1. Can you pull out every residue in the stretch 276-308 that is under 17 Å from the mean Cα position of the chain (by Cα) and in a helix (DSSP H, G or I)?
2. Given the structure, is A212 more than 16 Å from T295 (Cα to Cα), crowded, with 21+ Cβ neighbours inside 10 Å and in contact with a strand residue (DSSP E or B) (Cβ under 9 Å, 6 or more places away or on another chain)?
3. Inspect all residues belonging to the stretch 211-226 and state whether any of them is assigned to a helix (DSSP H, G or I), modelled with pLDDT of 95 or more and either under 30 Å from L155 (Cα atoms) or out of contact with any Asp or Glu (no Cβ under 9 Å at 6 or more places or on another chain) (or both).
4. Can you pull out every residue in the stretch 236-260 that is surrounded by fewer than 16 Cβ atoms within 10 Å (Cβ to Cβ) and of a type in the set (D, E)?
5. I'm trying to understand the selection: among the residues of the stretch 184-232, which are of a type in the set (K, R) and over 18 Å from the mean Cα position of the chain (by Cα)?
6. Please work out if R128 is in the same structural domain as A270 (by TED's automatic domain parsing), in a helix (DSSP H, G or I) and over 17 Å from the mean Cα position of the chain (by Cα).
7. Yes or no: the stretch 177-187 includes at least one residue that is in contact with a Pro (Cβ under 9 Å, 6 or more places away or on another chain), assigned to a helix (DSSP H, G or I) and among the hydrophobic types (A, V, I, L, M, F, W, C).
8. Check every one of the helices (runs of 4 or more DSSP H) wholly within the stretch 21-101 and list those with 1 or more residues that are surrounded by fewer than 23 Cβ atoms within 10 Å (Cβ to Cβ).
Amino acid sequence: MVWLPDPEALRGKVAVVAGATRGAGRGFAAALGEAGATVFCTGRSSVRGSGGSDYDRPETIEETAELVTRLGGTGIAVQVDHLDSDQVRRLAERIRGEYGRIDILINDIWGAERLKGGPADWNTPIWRHRLDDGLRILRLGLDTHLITSHHLLPLLIEEPGGLLVEVTDGTAEFNASSYRISVFYDLAKTAVNRLAFSQGHELQPFGATAVALTPGWLRSEMMLDNFGVREENWREALNPHREDGSPTAPAGFARSESPRYVGRAAAALAADPERGRWNQQSVSSAELAREYGFTDIDGSRPDSWRDL
C-alpha cells in the first residue's frame, strides 16, 4: 500500500522552520505543509536579496513558502538572519501579534556547508584549520540555534503540547564515538544533540517536547549539484560517468534520502499526541519512519545510519 500524508493532521497548527531556504529546511516546511500546517519559512536568501547568506545559491524562502501552500498548508516567508537577535525578536513579535503562539519550532539553521569543505579538507587538525572559518562554523551552527530558542520558545510554551526539533548531523549515539570532519564541525553537531536534551529538561514542565533529529545522507540541492543530477534522476549518479567508468557518487548514495523524508519525521512527531515520550531523545528520520510508517517521496525507507 502506498503511504500518503494526512492533509488534516496539522491543520490549524502554527510552525516556524528556521533555515527553510533549501535542503532539510525546505523538506521540513514542505512536509508540514502537506499535513496542513501554517508554516513561517525563515532564512536569509530572499527575492529581496541574500540577507548576508554564506551561499551564492538561487533558492529563496519565498519558493519554500509557495511550496508549502501548493502542498495544502499556508506558507509565510520572512527574511531573517538568525545570528541577528533583533531580527529574531521582531519575528517573535510578529507571530505573537498574528497568532499568539507557536506549536512547532524546527531549528534547522546551518549555513556552514562550504566552510566545512569537501573530503580533501576533512581531518585537518585544529592547529592547521583556518581559525576564522572554524569559529564561523560554530556561530552558524550553535549561536543561531541559541538565539532562535531564546526569542521563540516563549511562544512555544503559551499552550501545552509544543514541539521543538533541533536538527543536526548524526545521532547522539553515533557522534559520541565518531570523529566528525573537524574539531569545529564535530563540536557543532554534537552540541545540537545536547541542546535538545537540555532544552527538553526546561520545556517539560510546560508540557512541551524537545527532540534532536538527524537526516541520513541528504539529497539537498547542493548535494545533487555536486553529482550533476536532479531529484528526478538522482540514481543516474550511481551509473558509470567518469573516464575510468566509475560512478559520480559512491555506492552509499543509493541509500540517500530526499529532504521530505526527514520533514515527514518531524510532521509525524508533531501529529503524535504522545510525542512527549520522545522528549530529550536523539533520533534519525529512518528510526521515526519505522515507528510511524511514513515513507520518502519514492515510497522507500532509506537508512544510511544503519549502514554506518
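The values are calculated or read from the model by the stated rules, or taken from the named source; none is laboratory data. A quick note: this is a predicted structure, and the numbers were derived from the prediction, not measured. Cβ coordinates were reconstructed from backbone atoms using ideal geometry, including for glycine residues, and neighbour counts include every protein chain displayed.
1. Residues satisfying the conditions are S285, A286, E287, L288, A289, S304, W305.
2. In short, yes.
3. No, the conditions are met nowhere in the stretch 211-226.
4. Passing the criteria: E236, E243, D244.
5. The answer is R230, and nothing else.
6. no
7. Yes: one or more hits.
8. Those helices (runs of 4 or more DSSP H) span 61-70, 85-98.
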